[in-house]
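Working notes, beginning with the structure itself.
The values are calculated or read from the model by the stated rules, or taken from the named source; none is laboratory data. Because the structure is predicted, anything quoted here is derived from the model rather than measured. Positions of Cβ are generated from backbone atoms using ideal geometry, with glycine treated the same way; all protein chains shown enter the neighbour counts. What goes into the accessible areas is simple: the full protein's heavy atoms, side chains included, and nothing from ligands, DNA or RNA. Shrake-Rupley method; radii C 1.70, N 1.55, O 1.52, S 1.80 Å.
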Amino acid sequence: MGGKLLSIGECMVELSQAGEGLLRKGFAGDTFNTAWYARACFPSDWSIDYFTAVGDDPLSADMLAMMEGAGIGTSLIRRIPGKTPGLYLITLKDGERTFSYWRDTAAAKKLAEDADHLRAAIEGADIVYFSGITLGILASDAADTLLSEARRAKAMGKTVVFDPNIRPRLWPNKEYMLKTIEDGARASSLVLPSFDDEAVHFGDADEAATIARYKALGVENVVVKNGPGGITLAFGSEPAIHVPSVNVDKVVDTTSAGDSFNGGFLSRLVEGVSPAEAAAHGAAVASTVIRHHGALVSPELLPR
Ligand code: ADP
């Protein structure tokens with residue numbers, strides 16, 4: 001039995017070095033990356049839709065064409081006249097990648113401005129997916145709109161999935177950031193945090209502490225990713241279990257590790273396998289992604 005996953009957030013234009021002073025254009029963004037991997041891994045009777053706002057410029061048109069080409073639905077995406085997408089540039093400094101962003105005026109910041117449209121899109125979905133980055137790009141009243149629609153979806157019995165993806169540079173201050181991340185978790189039935197972020201920003205001593213903290217907020221299911229250290233998950237009233245990561249000898253690029261895990265994990269969950277088996281699949285997908293360059297690895301390379 002199929003269904004619909006709606007992923008909500010910002011997809012940006014990505015510029016990376018292509019040698020001889022040339023820049024290569026791509027598209028990426030955490031919630032879009034997860035939609036990409038969901039499309040690659042979900043059963044074909046599921047539709048995967050992206051929800052954002054774009055402009056009416058040529059780059060926005062290219063972005064939508066790329067999404068459609070990947071099999072991701074764009075019919076719910078608002079086109080705002082005069083706006084343009086956010087953009088980031090990847091540069092290499094001493095072998096380390098650094099990111100410069102131009103996203104303050106991005107169309108995606110307006111994704112929650114039409115509350116009726118947002119509500120209708122969410123009502124049409126079975127799984128609603130958003131992140132701390134989605135909340136972080138929004139003005140506080142727009143974040144409140146999204147949060148109240150997520151709460152409503154949860155109350156309707158939909159699966160609401162949240163990846164905290166804590167990025168301090170998006171937020172005006174730490175207090176508001178942590179409070180809004182907690183509100184995102186409370187509005188969700190499944191939270192997929194990365195332990196490194198949670199330890200730094202919430203001071204968690206270990207994965208068990210992250211699970212306990214989110215459970216105390218009323219989150220039913222928590223899956224904590226910890227890079228090569230594996231995944232710790234606690235579903236409902238079951239005790240927490242640990243699932244190992246796949247051993248990767250040569251990590252090429254960890255961009256999108258967590259996003260791809262989420263897409264692979266959810267794809268197995270909807271097929272009705274155990275959460276541990278779903279996590280093993282998420283780990284297999286992520287282990288393939290980190291062996292390749294870039295956020296979006298070709299679906300043919302991913303494990304079935
Ligand atoms: P994020 O990318 O959000 O920071 P993590 O670093 O925890 O998240 O990675 C997400 C998932 O990717 C992990 O649960 C694991 O399955 C896989 N992963 C990440 N780094 C490695 C690694 N070095 N070796 C094997 N698997 C990894």
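Just so you know, in the stretch 275-304 the residues that are touching a Lys or Arg at 6+ places or on another chain (Cβ under 9 Å) and not in a helix (DSSP H, G or I) include one that is nearest to the ligand (Cβ to nearest atom), and it is Arg291. For Asp45, the test of being closer than 30 Å to Ala284 by Cβ, within 17 Å of the chain's Cα centre (by Cα) and open to solvent by 40 Å² or more (accessible area, probe 1.4 Å) is failed. Within the stretch 229-274, being in contact with a helix residue (DSSP H, G or I) (Cβ under 7 Å, 6 or more places away or on another chain), among the hydroxyl-bearing types (Ser, Thr, Tyr) and more than 11 Å from the ligand (Cβ to nearest atom) holds for one residue alone: Ser267. Applying the condition of being among the hydrophobic types (A, V, I, L, M, F, W, C) and assigned to a loop (DSSP other than H, G, I, E, B) to the stretch 63-102 and asking which residue is nearest to the chain's Cα centre (by Cα) yields Ile72. Of the residues making up the stretch 283-304, those that are without any contact (Cβ under 8 Å) to a residue 40 or more places away in the chain, farther than 23 Å from Val224 by Cβ and surrounded by 15 or more Cβ atoms within 10 Å (Cβ to Cβ) number 0. All conditions in (1) in contact (Cβ under 8 Å) with a residue 40 or more places away in the chain; (2) closer than 23 Å to Ser140 by Cβ hold for Leu87, with the sole exception of (2). Ala280 falls short on exactly one of the conditions (1) among the small types (Gly, Ala, Ser); (2) in contact with a strand residue (DSSP E or B) (Cβ under 8 Å, 6 or more places away or on another chain); (3) open to solvent by less than 10 Å² (accessible area, probe 1.4 Å), and that condition is (3). Go through the stretch 146-171 residue by residue and tally those that are away from the ligand (no atom under 16 Å from the Cβ) and in contact with a strand residue (DSSP E or B) (Cβ under 9 Å, 6 or more places away or on another chain). Residues flagged as away from the ligand (no atom under 16 Å from the Cβ) and in contact with a strand residue (DSSP E or B) (Cβ under 9 Å, 6 or more places away or on another chain) within the stretch 146-171 amount to 9. So Gly19 fits all but one of (1) among the small types (Gly, Ala, Ser); (2) crowded, with 19+ Cβ neighbours inside 10 Å; (3) part of a loop (DSSP other than H, G, I, E, B); what number is the exception? Of everything listed in (1) among the small types (Gly, Ala, Ser); (2) crowded, with 19+ Cβ neighbours inside 10 Å; (3) part of a loop (DSSP other than H, G, I, E, B), Gly19 misses just condition (2). Scanning the stretch 66-100 for residues that are modelled with pLDDT of 95 or more and either open to solvent by 60 Å² or more (accessible area, probe 1.4 Å) or farther than 17 Å from Val13 by Cβ (or both) returns Glu68, Gly69, Gly71, Gly73, Ser75, Leu76, Arg78, Arg79, Pro81, Gly82, Thr84. Listed by first and then second residue, the pairs with beta-carbon distance under 6 Å, at least 6 apart or on different chains, first residue in the stretch 245-259 and hydroxyl-bearing (Ser, Thr, Tyr), second open to solvent by 30 Å² or more (accessible area, probe 1.4 Å) and within 6 Å of the ligand (Cβ to nearest atom), are Ser245/Pro228.
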